[in-house]
Amino acid sequence: MNSNLKAALVQNLTQPSASQVLDSRKAEPPNLRPQAEPGNKKKSEKYALRLVTIHKTSYFPQHWMTFFNASEPLIRCKQEHLDVQDREGLLQLRWQIGNITLFSGLYTRIDQTFLLWGLVTGGIFFTAQFFPISWSFQAILWSTVTLIGTAVMAVLTLFWVKVERVSWILYCWAILMIAGLVLTDCSIFAGWGGLLLHLCDLWLGLSAIGYFCTGLGLRSRTFIAIGLTHLFSIPLLTLVAPWQYLTTGIIMAGCLLLLSELQWDMRLPIDNTLLNEEQKKFNRIQQQMRQITATARK
């Protein structure tokens with residue numbers, strides 16, 4: 001009697017009633033429950049799990065990648081088919097001896113700005129590292145050069161940033177440069193010893209902010225990556241303390257010269273009321289030529 005009663009109780013607990021089965025089926029999402037044979041229960045469960053996983057991982061990555069132009073590499077050789085705003089003030093250099101070309105390059109006004117700041121930055125930090133010149137004289141000299149460089153940067157890039165509708169990036173860089181000058185000069189002339197010991201950290205940090213703003217404004221992964229390079233270089237300066245000015249100069253000037261020599265990624269071209277219809281048509285043709293060239297390279 002006891003054994004029969006125990007077996008009956010176990011059977012009632014392990015076998016659900018018909019109403020419970022119906023209720024459980026109603027609770028299942030119909031699009032995630034595949035129709036499978038009763039004897040193929042393991043395959044059915046695995047298939048349902050795979051569908052749920054795909055459903056959960058199909059949102060954020062797609063939205064994030066639409067912010068950047070993922071079809072372009074981070075950096076590549078310079079493009080040949082330039083838009084109107086890139087051809088404005090275009091500088092072409094070609095050095096050759098006889099029929100042998102030693103160097104050939106095209107530099108837009110943006111590239112010229114990178115070259116300018118690369119030379120200025122290299123001069124500032126290499127002088128601080130190797131030449132025994134008084135800090136006061138260096139502060140006056142390089143403050144003057146930096147202010148002139150900021151004005152030249154505004155002249156060179158004004159048309160381009162207006163067409164691309166990112167004038168705020170130019171203002172951001174100008175503010176960062178002036179703020180860096182004020183803090184640097186105060187550390188030297190007012191005797192702010194704590195800041196004077198961390199001038200390299202200061203300029204790497206300000207440059208990182210500028211690159212982050214540029215990367216977000218142009219939707220460029222290249223500028224974001226360069227901003228991270230500057231930011232992560234700050235704690236590494238303690239490992240090269242005797243050569244921190246040289247290291248900072250190499251990082252800052254090297255990144256600027258790299259940007260001037262290669263093509264970086266950015267968002268797709270946009271129409272702007274600053275251009276007339278003929279210029280807009282020219283830009284559309286250039287964009288098509290760039291797409292054809294990129295497809296041929298693949």
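Quickly run through the range 143-156 and pick out the residues that are touching a residue at least 24 places away in the same chain (Cβ under 8 Å) and open to solvent by 10 Å² or more (accessible area, probe 1.4 Å).
Ser143, Val145, Leu147, Thr150, Val152, Met153, Leu156, listed by residue number.
Taking the range 159-174, which residues are without any contact (Cβ under 8 Å) to a residue 60 or more places away in the chain and surrounded by 14 or more Cβ atoms within 10 Å (Cβ to Cβ)?
Listed by number, the residues that qualify are Val161, Val166, Ser167, Ile169, Leu170, Cys172, Trp173, Ala174.
Kindly indicate whether any position in the range 235-243 is of a type outside the set (Lys, Arg) and within 22 Å of Ala174 (Cα to Cα).
No, the conditions are met nowhere in the range 235-243.
Among (1) part of a helix (DSSP H, G or I); (2) out of contact with any strand residue (DSSP E or B) (no Cβ under 7 Å at 6 or more places or on another chain), where does Pro73 come up short?
Here Pro73 clears every test but (1).
What about Pro132, is it open to solvent by 50 Å² or more (accessible area, probe 1.4 Å), farther than 21 Å from Trp264 by Cβ and in a loop (DSSP other than H, G, I, E, B)?
Considered against the rule, which asks whether it is open to solvent by 50 Å² or more (accessible area, probe 1.4 Å), farther than 21 Å from Trp264 by Cβ and in a loop (DSSP other than H, G, I, E, B), Pro132 comes out as yes.
Filter the range 194-204 down to the residues that are assigned to a helix (DSSP H, G or I) and of a type outside the set (Phe, Trp, Tyr), then identify the one that is nearest to Gly180 (Cα to Cα).
Result: Leu202.
The values are calculated or read from the model by the stated rules, or taken from the named source; none is laboratory data. Just so it is clear, the structure is predicted and the values come from calculations on it, not from any experiment. Glycine also receives a Cβ, built like all others from the backbone with ideal geometry; neighbour counts cover every protein chain displayed. Surface accessibility is based on the protein's heavy atoms, side chains included, excluding ligands, DNA and RNA. Shrake-Rupley method; radii C 1.70, N 1.55, O 1.52, S 1.80 Å.
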